[in-house]
Amino acid sequence: MRNVLKEWTEGHVTIAVRGKRFERLINMAVREGFYIWNIRRRSPEEGECDILVRDYFRLRPLLRETGCRCRVVRREGMPFWLIRMRLRPGFTIGIFLFFLGLYMLSSLIWSVEIVGARNIPAEELQQAASKIGIKPWAWKVKLKEPQYLQQQLLAMVPDASWIGVELKGTKAIIQVVEKEQPEPPKMYSPRHLIAKKKAVIHRIQAEAGKTVVKVNQFVDKGQVLISGVIGSGGRQALVAARGRVEGEVWYVVNVSVPLTQTRYSYTGEQQSRYSLLAGEYAIRLWPLRPEPFERFKHSEERAYLGYGDFRLPLGWKKETLYAVEEQKQKRSREEAIALAKRIAQHDVLKKAGEDARIKDEKVLHTKEEDGKVYLSVHYAVIEDITEEQPIVTLPPAPQPGADTSDQ
Amino acid sequence: MKRWSRRLRHLAAGVLDLPQDVVLEVPRITMIGHLQMYIENHRGVLHFSDKELRLLLTNGQLIVNGEQLVIRAILPEEVLLEGRIAGVRFIEQ
């Protein structure tokens with residue numbers, strides 16, 4: 001029935017009507033087609049109603065006929081706003097300038113963000129971008145189409161395979177996809193490959209350099225395996241020796257395994273304790289009288305009040321105790337030996353390096369004493385025994401192993 | 001003559017299944033709880049205060065009692081009344 005938008009755009013007034021025949025006035029006004037709403041009684045002699053400005057000027061004959069007097073209580077709507085704005089030009093101009101400023105500031109570029117540049121320096125991209133107008137405090141309107149800018153940027157930055165320019169509000173985002181550059185080959189300085197352990201050579205696979213040992217030869221620690229000096233006599237050259245020499249290395253490992261095993265397992269019982277933290281002090285809140293378990297594991301959570309990096313020295317702590325129980329388990333001798341062997345193998349492979357493999361395993365000695373099984377195992381392991389040794393002086397210092405192999 | 005006319009109208013309402021307010025010129029009142037009241041087919045306001053609204057009907061009067069009554073909107077044949085409505089009463093003439 002009501003149209004608030006119309007009421008507002010045309011403007012309406014609240015009038016107070018004084019007179020005995022208020023109802024008659026309303027009946028007549030409604031019959032005339034006036035737009036009247038919010039009719040109230042203020043007192044037996046006075047009524048109040050809202051009426052459109054347009055209808056207010058046509059109300060006069062009706063007032064005279066009914067003998068009522070009216071006065072305006074409140075004015076609302078756009079026409080009255082306009083009048084008020086005209087009365088206060090400074091205020092109006094201020095509002096206008098505010099919106100103008102907002103619009104102007106939002107049509108500037110405030111920041112340039114560069115995404116995806118890892119090898120190309122950001123300064124170079126920024127310089128290139130500012131040459132074609134993408135820089136802070138530049139007008140967005142003056143910039144050309146992003147696709148055109150992309151092409152221009154790409155021409156200026158040859159290391160990029162694709163550049164995307166996107167304007168997001170007041171932010172210019174330059175997305176760079178770099179060309180995939182092949183990695184520069186590693187440069188090695190001249191070097192020998194020497195043995196890092198006492199071993200018997202099992203296999204030689206030389207890629208560069210001169211092999212100076214043979215298969216099944218025994219080598220000492222530090223002995224040259226693949227020499228970085230090639231050629232002979234007056235025509236010698238230095239290279240970085242590369243290759244892989246596998247040798248058989250012997251290890252003796254001593255392991256002891258107890259025959260009874262103690263294990264702790266959770267019983268499922270747990271207890272939480274809450275404390276208030278203030279500085280370095282903790283005040284226990286709950287439970288008031290803790291009854292600790294005989295054996296337990298314990299975990300703790302601390303939370304402090306604060307926001308972001310700022311932290312108040314106030315907080316709370318939650319401790320949880322999990323009850324555990326001891327379980328003893330007996331092992332047979334065979335089980336213990338098997339376990340000891342597993343441990344020993346693991347041990348040896350850790351010593352020998354990643355790509356080592358066990359060639360031979362021999363139990364040297366088994367002993368049972370004080371509820372423990374002692375085991376001594378001999379392992380023959382095939383592993384890479386090379387180590388790099390840079391060649392500093394020319395010719396390299398003659399090494400005992402190298403001499404023998406030359407003969 | 002008038003009696004004939006009224007009889008004919010009653011007959012039409014019964015036989016043709018027409019809404020009675022259309023045929024008989026009686027008000028149609030819609031109430032939302034005791035808060036709002038929408039009256040169609042009235043013939044003018046006789047009396048209005050914040051405790052009582054008296055409307056003229058084709059034959060009779062409608063009296064609405066309540067508190068803090070306000071006429072939210074009014075058209076030649078419709079009234080939207082708001083407030084705390086306590087009672088509605090018809091007076092037939």
note = Per the filter on region B:73-83, residues facing chain A (nearest Cβ under 9 Å), crowded, with 18+ Cβ neighbours inside 10 Å and more than 13 Å from A:F34 (Cβ to Cβ) are B:L80
Residue, nearest to A:P79 (Cα to Cα), within region A:20-48, restricted to residues that are more than 8 Å from chain B (Cβ to nearest Cβ), at pLDDT 90 or above and touching a strand residue (DSSP E or B) at 6+ places or on another chain (Cβ under 8 Å) = A:Y35
ask   = Which residues, taken from region A:229-255, are on the phi > 0 side of the Ramachandran plot and either exposed (fewer than 14 other Cβ atoms within 10 Å of the Cβ) or assigned to a loop (DSSP other than H, G, I, E, B) (or both)?
value = A:G231, A:G233
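Test of understanding: among A:K186, A:K214, which residue is within 43 Å of the chain's Cα centre (by Cα) and outside the structural domain of A:W316 (by TED's automatic domain parsing)?
On the way: A:K214 fails: within 43 Å of the chain's Cα centre (by Cα).
One residue alone meets the criteria, A:K186.
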key: Residue list for region B:29-68, restricted to those being closer than 11 Å to B:V79 by Cα and either of a type in the set (K, R) or outside any strand (DSSP E or B) (or both)   = B:N41, B:H42, B:R43, B:G44
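May I ask you to say which residue of A:A344, A:A338 is under 28 Å from A:V377 (Cα atoms), touching a residue at least 12 places away in the same chain (Cβ under 8 Å) and not assigned by TED's automatic domain parsing to the domain that holds A:W286?
A:A344
Using the structure shown, decide if B:V88 is β-branched (V, I, T) and modelled with pLDDT under 85. Can you show your working first?
On the way: β-branched (V, I, T): yes; modelled with pLDDT under 85: no.
Spelling it out, it is not the case that B:V88 is β-branched (V, I, T) and modelled with pLDDT under 85.
The values are calculated or read from the model by the stated rules, or taken from the named source; none is laboratory data. This structure is a prediction, so every number in the text was calculated from the model and none was measured. Note that each Cβ is placed from the backbone with ideal geometry, even for glycine, and that neighbours are counted across all protein chains shown.
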